[in-house]
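Taking it in order: structure first as structure tokens, then the write-up.
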């Protein structure tokens, strides 16, 4: 079997994890090959290889501490902010090495936006929360264009109808669910290509969670979306591809319905059926 066949078929490594597997049809938006992450001497991610496509929502699932959030943060170099973290392997966005020495990390994080577990709006007005990124990246030539970006971003995030009459109010005065949608709108405002979501609903009530899930469904295809979630039902609802992580290793990656109904790996089956995790 040649290297391409090995990758496409998701062959197992000696450690029992899937070395790599394709995200399906079409060219991948992002590719990772043999990614490893170390915190000092401790290895947190073991040789993960995965493709991420534009037309899929990709969910990362697994027990707490399995490395899914650590791996997610590799995709826009958020681990750079941790002094003892070291990332090895290859990660490419549109065939461009995001860890290359000449990579502009600020620009990278505009292309690969991130929404965190806890809503973190800036202590600014709703308008300025959205306008901040376009201003610093020079995406608007004047006030009219900036107004358009703010309105469009809030509409895409399903928030415009709730805040259009109070854009001068503080973003921190919104409800938790509205704050999270504001953070998604803020990420959208700089015209990203990829949106990473790290357990975006874990701090929200069921109604707010449903709105975020509906939003993910609506913006699917406009961006490559990767979501880390501890909620398997949520992964089943919002994603088309699911990756199961265990002890820093990618165990299985494939079509979400297959992962949940007919997993090929015993570890995946045990986790899905609640035997551990």
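Numbers below:
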| item | result |
| --- | --- |
| Any hit, the stretch 98-111, residues being in contact (Cβ under 8 Å) with a residue 60 or more places away in the chain and under 25 Å from residue 179 (Cα atoms) | yes |
| Test for residue 216: is it in a helix (DSSP H, G or I) and either within 25 Å of residue 146 (Cα to Cα) or modelled with pLDDT under 95 (or both) | yes |
| Residue in the stretch 60-101 that is surrounded by the fewest Cβ atoms within 10 Å (Cβ to Cβ), counting only those that are part of a loop (DSSP other than H, G, I, E, B) and on the phi > 0 side of the Ramachandran plot | 95 |
| Enumeration of residues in the stretch 102-119 that are outside any loop (DSSP other than H, G, I, E, B) and either touching a helix residue (DSSP H, G or I) at 6+ places or on another chain (Cβ under 9 Å) or surrounded by 15 or more Cβ atoms within 10 Å (Cβ to Cβ) (or both) | 105, 106, 108, 109, 110, 111, 112, 113, 114, 115 |
| Residue 174 buried (at least 21 other Cβ atoms within 10 Å of the Cβ), more than 28 Å from residue 44 (Cβ to Cβ) and touching a helix residue (DSSP H, G or I) at 6+ places or on another chain (Cβ under 9 Å) | yes |
| Counted residues, the stretch 242-276 - those being crowded, with 16+ Cβ neighbours inside 10 Å, in contact (Cβ under 8 Å) with a residue 40 or more places away in the chain and within 29 Å of residue 42 (Cα to Cα) | 17 |
| Test for residue 134: is it within 27 Å of residue 64 (Cα to Cα) and either surrounded by 21 or more Cβ atoms within 10 Å (Cβ to Cβ) or at pLDDT 95 or above (or both) | no |
| Any hit, the stretch 120-129, residues being within 19 Å of the chain's Cα centre (by Cα), within 13 Å of residue 77 (Cβ to Cβ) and crowded, with 16+ Cβ neighbours inside 10 Å | no |
| Of residues in the stretch 130-181 being more than 24 Å from the chain's Cα centre (by Cα) and in contact (Cβ under 8 Å) with a residue 40 or more places away in the chain, the one farthest from residue 208 (Cα to Cα) | 168 |
| Of residues in the stretch 156-175 being part of a helix (DSSP H, G or I) and either in contact with a strand residue (DSSP E or B) (Cβ under 9 Å, 6 or more places away or on another chain) or at pLDDT 95 or above (or both), the one nearest to residue 126 (Cα to Cα) | 171 |
| Test: residue in the stretch 182-189 that is in a loop (DSSP other than H, G, I, E, B), modelled with pLDDT under 95, crowded, with 18+ Cβ neighbours inside 10 Å and within 19 Å of the chain's Cα centre (by Cα) | no |
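The values are calculated or read from the model by the stated rules, or taken from the named source; none is laboratory data. Keep in mind it's a predicted model, so treat the numbers as computed, not measured. Methodologically, a virtual Cβ is constructed for each residue, glycine included, from the backbone with ideal geometry; neighbour enumeration extends over all protein chains shown.
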